[in-house]
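> Got a structure for you, written out below as C-alpha cells; questions coming shortly.
The values are calculated or read from the model by the stated rules, or taken from the named source; none is laboratory data. Predicted model only: the values in this text are computed from it and were never measured. Cβ placement follows ideal geometry from the backbone for every residue including glycine, while neighbour counts extend to all protein chains displayed.
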Amino acid sequence: MLGVTSRRKRCIHDVVYDVLSALREGPAKLTPLCTLANLPVDRGLRLLSVLEECGLVTSREERGRRVYLLSELGYVYVSLYEELSKTFCSQVVSKGLK
C-alpha cells in the first residue's frame with residue numbers, strides 16, 4: 001500500500017508519559033499540549049480529565065482559557081516511568097531482544 005507508514009502503537013503508559021513530559025516544560029493549553037504529545041485533541045481532553053482526577057495534572061483558568069500544569073505526583077510518575085523504561089530497555093538489550 002502506497003502512502004501507509006507503519007507506526008508502533010503506544011500503550012496508555014507511553015501516552016500518559018508523553019503528555020506529562022510535555023507539561024514538564026511548563027503550563028500548556030490543550031491544543032499545543034496535544035500537538036506535543038502527538039494526540040488528537042478530543043482524546044487529549046478526555047485523558048487530561050482522568051489525569052486531573054488522579055492528581056497527576058492540575059488546571060487553572062488564564063485569560064479565559066484552561067491551562068494544564070504538572071503536579072508533584074505527575075513529576076513522580078515521570079521519574080518512575082523513566083527509571084523503569086531505562087531498566088527494562090537495558091535488560092532487553094543485554095538479553096539480545098528487540
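> On the given criteria, is residue 20 closer than 17 Å to residue 76 by Cβ, outside any strand (DSSP E or B) and aliphatic (A, V, I, L, M)?
Working: closer than 17 Å to residue 76 by Cβ: yes; outside any strand (DSSP E or B): yes; aliphatic (A, V, I, L, M): yes.
In short, yes.
> Test residue 59 against the stated conditions and say whether it is in contact with a Lys or Arg (Cβ under 9 Å, 6 or more places away or on another chain), of a type in the set (S, T, N, Q), on the phi < 0 side of the Ramachandran plot and at pLDDT 95 or above.
Working: in contact with a Lys or Arg (Cβ under 9 Å, 6 or more places away or on another chain): yes; of a type in the set (S, T, N, Q): yes; on the phi < 0 side of the Ramachandran plot: yes; at pLDDT 95 or above: yes.
Judged against the criteria, residue 59 is a match.
> Shifting gears a bit: Touching a helix residue (DSSP H, G or I) at 6+ places or on another chain (Cβ under 7 Å), at pLDDT 95 or above and not β-branched (Val, Ile, Thr): does that describe residue 69?
Numbers: touching a helix residue (DSSP H, G or I) at 6+ places or on another chain (Cβ under 7 Å): yes; at pLDDT 95 or above: yes; not β-branched (Val, Ile, Thr): yes.
It is true that residue 69 is touching a helix residue (DSSP H, G or I) at 6+ places or on another chain (Cβ under 7 Å), at pLDDT 95 or above and not β-branched (Val, Ile, Thr).
> Also: May I ask you to list the residues in the stretch 34-48 that are in a helix (DSSP H, G or I), of a type in the set (A, V, I, L, M), under 12 Å from residue 20 (Cα atoms) and free of Cβ contacts under 8 Å to residues at least 24 places away in the same chain?
Correct list: 36 only.
> (1) in contact with a strand residue (DSSP E or B) (Cβ under 7 Å, 6 or more places away or on another chain); (2) surrounded by 12 or more Cβ atoms within 10 Å (Cβ to Cβ): which one isn't true of residue 60, the others all being true?
Answer for residue 60: the failing condition is (2).
> Restricting the search to the stretch 49-83, which residues are of a type in the set (Ser, Thr, Tyr) and part of a helix (DSSP H, G or I)? Reasoning before the result, please.
Taking the stretch 49-83 first, the residues of a type in the set (Ser, Thr, Tyr) are 49, 58-59, 68, 71, 75, 77, 79, 81.
Those that are of a type in the set (Ser, Thr, Tyr) and part of a helix (DSSP H, G or I): 49, 75, 77, 79, 81.
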